[in-house]
Amino acid sequence: MKYNVAQLLKEQSGGMRQYSLHEDIGTLDPDIHPLTTLDGHIQLIRTADGILARGTLNTSVELTCSRCVEPFSLPIRFTLEEEFQPTIDITTGANLPVLDEQEAATQIDAHHILDLTEVVRQDILLAIPPFPVCRSKCAGLCPQCGQNWNEGPCDCTEDKVDPRFEALRELLEEK
Ligand SMILES: [Zn+2]
Ligand SMILES: [Zn+2]
C-alpha cells in the first residue's frame, strides 16, 4: 500500500492519480483475521499542503460471535479519507516543519513514499464491532449446559416455565 508521490507533489493542487488496490493483509495486525484480500480504489489528490488519499475499500474478516462463540465471516466496507503531509520539500529538498499534532501515520517519508498501511489498519479496527454477532437473531448459548441454541433447544429450556402459568400454578397450590 505504498505509493511514490514525487511526481504528484510537483503538480498543482487538484492533480490526481487513481489506483486499484488488491492487497494481501494477512500480516496487517494480529487482531485482524482477513479471509480475503483488501480490494478497492484509491485516489491520491494534490492539495495545498499535501496529498489527500481517498477511497472505498472492501475485505472480509473472521470474527467470533459474542453470543454463540462460533466463528463467522463479516464483510467490511469502509471509506478512507486522510490527508498526508510531506516531510521534505519536493523542489528544494529541505526538511519541512513537522506539526505537533501530525501523526507519523500520515507523513510522506523522505523518499516521497506515501504509505496507507497504518491508516488502513486503524480503519479496519474501527469497522469491527466491539460485540460482533453472527446474525442479528443469534440465539446464543444455554447458560446452563452450553448448548448452541441456533442448533436447537436443549433439555434445560423445557424447565423454563412461562411466568403466567407459574402464577396460575401458585394459585392452584394455595387451594
Ligand atoms: Zn452467534
Ligand atoms: Zn441447556
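The values are calculated or read from the model by the stated rules, or taken from the named source; none is laboratory data. These numbers were taken from a predicted model, which means no experiment stands behind them. Every residue, glycine among them, receives a Cβ derived from its backbone with ideal geometry; neighbour counts consider all protein chains shown. Side chains included, ligands, DNA and RNA excluded: accessible areas come from the protein's heavy atoms. Shrake-Rupley method; radii C 1.70, N 1.55, O 1.52, S 1.80 Å.
Things worth noting here:
- Percentage, to the nearest whole number, of Cα pairs in the chain over 29 Å apart: 46
- Estimated FRET transfer efficiency (Lys137, Asp115; beta-carbon r; R0 41 Å; 0.05): 0.50
- Local net charge near Leu125, Cβ-Cβ under 9 Å (Lys/Arg +1, Asp/Glu -1): -2
- The chain, accessible surface, carbon-and-sulfur percent (1.4 angstrom probe): 50
- Rounded Å value of the spacing that divides the Cα centres of region 104-135 and region 4-67: 8
- Nearest-0.05 FRET efficiency for Thr27 and Thr47, computed from C-beta distance (R0 30 Å): 0.45
- Net charge contributed by nearby residues that have their C-beta within less than 13 Å of Leu114 (K/R +1, D/E -1): -1
- At a probe radius of 1.4 angstrom, the accessible area of the chain per residue rounds to 64 square angstrom.
- Between the amide H of Ile88 and those of Leu96, distances stay under 5 Å, these residues lying 5 or more places away or on another chain, with hydrogens modeled in the peptide plane.
- Built amide H within the under 5 Å cut-off of Glu70, gap 5+: Cys65
- Computed from phi, the 3J(HN,Hα) profile of region 104-109 under the Karplus parametrisation 6.51, -1.76, 1.60 (θ = phi - 60°) reads 4, 4, 10, 9, 7, 6 Hz, with x in place of Gly and Pro.
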